[in-house]
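Remarks on the structure that follows.
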Amino acid sequence: MLGIRLYMAQRLSAMMMGPLVLGHLAVMIYAIQGGLSSAEILGRTKGSIPWFLFYGAFVLAVSVHAAIGLRVILHEVTGLKGRLLEAFTWAVMLGLTVMGARAVLAVTLL
Amino acid sequence: MRYTGFRKRANRCAVSGNDKTMEVSVWRGSGGQGAYEIFQVPAQDNQTVLDVVSYIQQEIDPSLTYRYACRVGMCGSCAMMVNGQPRWTCRTHVKKVLTAGRLTVAPLRNLPVIRDLAADMDPFFEKWVKAGGVHKPGRSRDDAIQQVSPEDPGRVEANKAIECINCAVCYAACDTVAGSPDYLGPAALQRAWTLYNDVKVTDRAAVLASVTGPEGCTNCHSQGSCTRFCPNELDPLGSVAGLKRALARSFFGGKG
Ligand code: SF4
Ligand code: SF4
Ligand code: FES
C-alpha cells in the first residue's frame, strides 16, 4: 500500500529529519548546559526567521514521515485500505502539522 | 490459520527392529478449517520431513494430502511449515528440526489451503505474472543471436537468482505478505530484478513499472526473512533492495 511517491516522501523526509534531529539535540544540550531560562530562550527565538525555518521544516518532515509510517502500520495490522486509509494518512499529516505549527508559531512569533 | 484441537490416532503399523517413535502433528483440513492430528512415526537415523509425511500417508492414513515431485530439491513443490518455519521438506533432515522429540507439519503460510498440507500456489504464481516475470525479448528470430558475456555486470547480477525453484518458502516467510496480502512478495520481485539486469531485456522501464505500484517493492521492510529462509541460499532481499535503488534513480529522472 506504499507506491513510489509515498515511499520517496518517507525516505526524503527521513533524510531531512536526520540533521534536524541532531541540531535539535545540540540546541537542547546547549540550552541546559548554559543554564538558559525559558525567558532567555524565548528572547532568542521570538521573531527569529532562522528558528522559524528550522523548527518549521522539522514539523513538516515529521508530519509527512509519521503519517506514512502510521499508514503502513494501520494497513498491515487491520487490513484497512482504499479511501479510509487515504483519509487516515491525510488526517494524521494535517493534525501533526497543525499541532507542530502552533508550537513553532508560539515560540517564534513576536 | 485456525487451531481447533487435536485428534489422536494410534499408529496401526508394526515396525520391527526400531521401537523409537516420534510424535508428529499434521495439519488436516481444507480451506480455513482444520485441526492438527497426531501420528506416531518410527524414528530413523536418517529421514527427511518429507519421508515422515510420506510414511504417514503410505502406512497410516492414505487420505493425507500433500505435494512433492523430485525429492532432491529441484522442483520446489514440497515446501511446508515445519515446527513453524517454512522449509523444503525433501531436503530437511528431521534430526535438524526435531524439538523435544516432536514435529509439527503444516501447509505453507500466506497461501490458501487446498487440503491438509497442500497449499494453493495460484496467488504466488499470479504475482510472478503481475511483477512482469515473463521474458520479453528485444530481438526476433530473424535477428542474429545476441552474444552475452558471462562477465557482463548485468549478467553477473542476473545469474545470482536463476537457481530459484519457485518453492514459495521466502513468500511464506515474508511478514509483509502476511500483513499486506496484495504485496508481490520476494520471489516475484527477485524475478523482476533478474529480468531488469538481463541484457537481453530491452524495455527495462517496463520491468520497473510493473513493480512500482502500491503492491510493489516499496512495501518491503528489509528485514530479510526471505533471504534467511531461502533453501537455495538466494538473496531476494538484495534483489528487492536493487529494485528500490533503481526506482529511486528513475524517480529523480535517472535512467533507472
Ligand atoms: S525483506 Fe522484504 S521481501 Fe524479504 S521477507 Fe522481508 S519484507 Fe518480505
Ligand atoms: S527465492 Fe528461494 S525461497 Fe524463494 S521461491 Fe526461489 S528458491 Fe524458493
Ligand atoms: S520434492 Fe522437489 S524440491 Fe522437494
*Filtered residue count, segment B:193-246, keeping only those that are polar (S, T, N, Q), under 18 Å from A:Met8 (Cβ atoms) and buried (at least 23 other Cβ atoms within 10 Å of the Cβ)*: 2
*asked:* Suppose the filter is over 11 Å from the mean Cα position of the chain (by Cα), more than 15 Å from A:Met15 (Cα to Cα), within 14 Å of chain B (Cβ to nearest Cβ) and buried (at least 19 other Cβ atoms within 10 Å of the Cβ); does A:Thr78 pass it?
replied: no
_Answer from B:Ser63, B:Ser77, B:Ser54 - the residue that is in a helix (DSSP H, G or I), at negative phi and not assigned by TED's automatic domain parsing to the domain that holds B:Arg228_ = B:Ser54
*asked:* Pull out all pairs, ordered by first then second residue, where Cβ-Cβ is under 9 Å, the residues are six or more apart or on different chains, the first lies in segment A:73-96 and is on the phi > 0 side of the Ramachandran plot, and the second is outside any helix (DSSP H, G or I).
replied: A:Gly79/B:Ser180; A:Gly79/B:Pro181
*Unmet requirement for B:Asn83, which otherwise passes all of (1) free of Cβ contacts under 8 Å to residues at least 24 places away in the same chain; (2) within 14 Å of ligand 3 (Cβ to nearest atom); (3) closer than 12 Å to B:Leu103 by Cβ*: (2)
_Within segment B:122-179, take every residue that is assigned to a loop (DSSP other than H, G, I, E, B) and among the β-branched types (Val, Ile, Thr) and give me the one that is surrounded by the fewest Cβ atoms within 10 Å (Cβ to Cβ)._
B:Ile145
*Using the structure shown, decide if B:Asn46 is away from ligand 3 (no atom under 14 Å from the Cβ), within 14 Å of chain A (Cβ to nearest Cβ) and not basic (Lys, Arg).*
no
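The rows are residues; the columns are (1) more than 27 Å from B:Val52 (Cβ to Cβ); (2) touching a Gly at 6+ places or on another chain (Cβ under 7 Å); (3) not assigned by TED's automatic domain parsing to the domain that holds B:Asp19.
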position: B:Trp88; (1), (2), (3): no, yes, no
position: B:Ala100; (1), (2), (3): no, no, no
position: B:Ile114; (1), (2), (3): no, no, no
position: B:Asn166; (1), (2), (3): no, yes, yes
_Scope segment B:59-80; condition among the β-branched types (Val, Ile, Thr) and within 13 Å of ligand 3 (Cβ to nearest atom); matching residues_ = B:Val72
*Single residue of segment B:69-101 satisfying the filter (surrounded by fewer than 18 Cβ atoms within 10 Å (Cβ to Cβ), more than 16 Å from ligand 1 (Cβ to nearest atom) and under 14 Å from the mean Cα position of the chain (by Cα)) that is nearest to B:Val24 (Cα to Cα)*: B:Arg91
*Which condition breaks for B:Ala241 when tested against (1) more than 12 Å from chain A (Cβ to nearest Cβ); (2) in contact (Cβ under 8 Å) with a residue 40 or more places away in the chain?*
(2)
_Go through (1) exposed (fewer than 14 other Cβ atoms within 10 Å of the Cβ); (2) on the phi < 0 side of the Ramachandran plot for A:Gly56 and report which single condition fails._
(1)
*asked:* Between a residue in segment B:98-127 that is of a type in the set (D, E, K, R) and any residue that is crowded, with 18+ Cβ neighbours inside 10 Å, which pairs come within a Cβ distance under 6 Å, given they are 6 or more apart or on different chains?
replied: B:Arg109/B:Met81; B:Arg109/B:Ala172; B:Asp116/B:Arg28; B:Asp116/B:Leu64; B:Asp120/B:Leu111; B:Lys127/B:Leu184; B:Lys127/B:Gly185; B:Lys127/B:Ala188
*Determine, yes or no, whether A:Arg71 is closer than 15 Å to A:Ala9 by Cα, within 14 Å of chain B (Cβ to nearest Cβ) and charged (D, E, K, R).*
yes
_Single match in B:Asp203, B:Asp175, B:Asp182 (criterion: away from every other protein chain (no Cβ under 14 Å) and either within 16 Å of ligand 3 (Cβ to nearest atom) or of a type outside the set (Val, Ile, Thr) (or both))_ = B:Asp203
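The values are calculated or read from the model by the stated rules, or taken from the named source; none is laboratory data. Everything numeric in this text was worked out from a predicted model, so none of it was measured. Using ideal geometry, Cβ is built from the backbone for each residue, glycine included, and neighbour counts are taken over all protein chains shown.
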